[in-house]
Amino acid sequence: MKSPLLSLPGAVPGEGVDEGVAAHYGDLFREQRALADGAGFVDLSHRGVVAVTGEDRLSWLHLLLTQHVSELPAGEATEALILSAHGHIEHALYLVDDGTTVWAHVEPGTQEALIAYLESMKFFYRVEVADRTADFAVVHLPAGSIAEAPEGAVVRETAYGRDLFLPRADLEAYAEKAGPAAGLLAYEALRVEHHRPRLGFETDHRTIPHELGWIGTAVHLQKGCYRGQETVARVQNLGKPPRRLVFLHLDGSEVHLPPHGTEIRVADEGEDGRRIGVVTTSVRHYELGPVALALVKRNVPADARLVAGETAAAQEVIVEP
């Protein structure tokens, strides 16, 4: 979905899965400061929107998701994962129930595969699953924002701000009232600052929830069975994950940020040192400078000096070794 807000002054399109919305509107750090101060909004209209209706929607989703949602109160936000049979992360859903419908936004382009899986699991349950991406756009208001949500809009409120599910036809009119617009790079910089993983960036085909700190926020450890639960329980009770998410402070003298997938080595092992991880997301933060999230092997010492490509990096622990 290509956003109409790409026509706003200064808009520069994003890249990759985020190409449908603006990466920035001409001043990355100003946009970050505005969001940090609770001002403006972020256009997330490229994200997939999935709606689940029917009397059994919560009890049915409870059987499929990693999160406890069978008694989810109307208006309460949560997030959840869908795992493979081996416990690897396949989907991440950001949910809210409005009393009649469970609304979820998901990574751009993943809604079709998600809906196909959900449809295959309906059986005799009284539920209907619909792709509402063409009809609804997601807009993010930062924490502290005093902007009002349009009447009738579904709101998903979290500690990091509010996600609005707006009729796509109303997006431009709302943007005129909710400004200033901040691009996705500003949103991503704050995401990295808060150590929040993102599907497809911090994950690969073998990622399990423990590696990213998604236990507790997206995984409920006391709920009933779901696909992949055996892996979650085994790692939680008997061991530790093979990798761990870390926050990197990057050398600010480098002109370029190490891109997603850049190999990480231990600095003391020299240029021929073994590969111990990869950069997952790197950003320029308005206060912290160049920083990144990365996945490294669990046994890498927490005080080890690292090198991401050619860039020196100091690690900060997110997931304990």
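Going 7 Å from the Cα of residue 131 toward and past its Cβ, which residues in the range 164-178 have a backbone nitrogen under 13 Å from where you end up?
Counting only backbone N, you get no residues.
Straight-line reach from residue 122: which lysines have a Cα under 23 Å away, not including same-chain ones fewer than 8 places off?
223
Hey, what do the phi angles of the range 282-296 turn into as Karplus ³J(HN,Hα) couplings, whole Hz, using 6.51/-1.76/1.60 and θ = phi - 60°, x for Gly and Pro?
10, 9, 9, 9, 5, 10, 7, x, x, 9, 7, 9, 8, 10, 10
Hey, which lysines would be in cross-link range of residue 240, C-alpha to C-alpha under 19 Å, not counting anything within fewer than 8 residues on its own chain?
Candidates past the 8-residue exclusion: 297.
Name the residues whose placed amide hydrogens come within less than 5 Å of the amide hydrogen of residue 207, ignoring near sequence neighbours (fewer than 5 apart) on the same chain.
89
Measure off 7 Å from each Cα along the Cα-to-Cβ vector at residue 84 and residue 298, then give the distance between these two points in nanometres to one decimal.
That separation, rounded to one decimal, is 1.9 nm.
On a straight-distance basis, which lysines could pair with residue 177 in a cross-link, Cα separation under 24 angstrom, same-chain partners fewer than 8 positions away excluded?
2
Determine the sum of side-chain charges near residue 1: Lys and Arg each +1, Asp and Glu each -1, restricted to other residues whose C-beta is under 9 angstrom from that of residue 1.
It works out to a net charge of +3.
Taking the Cα centre of the range 190-274 as the origin and placing charges on Cβ (Lys, Arg +1; Asp, Glu -1), which of 257, 199, 231 is farthest toward the positive end of the dipole?
231
Please list, in chain and number order, the residues 5+ apart from residue 79 or on another chain whose amide H is under 5 Å from its amide H, with Hs placed from the backbone.
95
Please find, in a Gaussian network model of the chain (springs between Cα atoms separated by less than 10 Å), the residue of 197, 13, 73 whose mean-square fluctuation is greatest.
Sorting by GNM fluctuation, first place goes to 73.
Which value, in Å to one decimal place, does the Kirkwood hydrodynamic radius take for the range 153-220 when every pair of different Cα atoms is included?
14.6
R0 = 25 Å: FRET efficiency of residue 170 with residue 123, Cβ-based, nearest 0.05?
0.10
With the contact rule set at Cα under 8 Å and sequence spacing of 6 or more, what percent relative contact order holds for the chain?
Computed over the chain, the figure is 19 percent.
Let me check something: with ligands and nucleic acids excluded, how do 84, 70 order by accessible area (1.4 Å probe), largest to smallest?
Reading off the accessible areas and sorting them downward yields 70, 84.
According to the square roots a ≥ b ≥ c of the eigenvalues of the Cα gyration tensor, what is the shape class of the chain, taking rounded for a/c under 1.5, prolate for a/b larger than b/c otherwise, and oblate for the remainder?
oblate
The values are calculated or read from the model by the stated rules, or taken from the named source; none is laboratory data. Here the structure is a predicted model, which is why all the values come from computation and not from measurement. For neighbour counting, all protein chains shown are included, and Cβ atoms are generated from backbone atoms with ideal geometry for every residue, glycine included. Note: accessible area is taken over every heavy atom of the protein model, side chains too, but ligands, DNA and RNA are not part of it. Shrake-Rupley method; radii C 1.70, N 1.55, O 1.52, S 1.80 Å.
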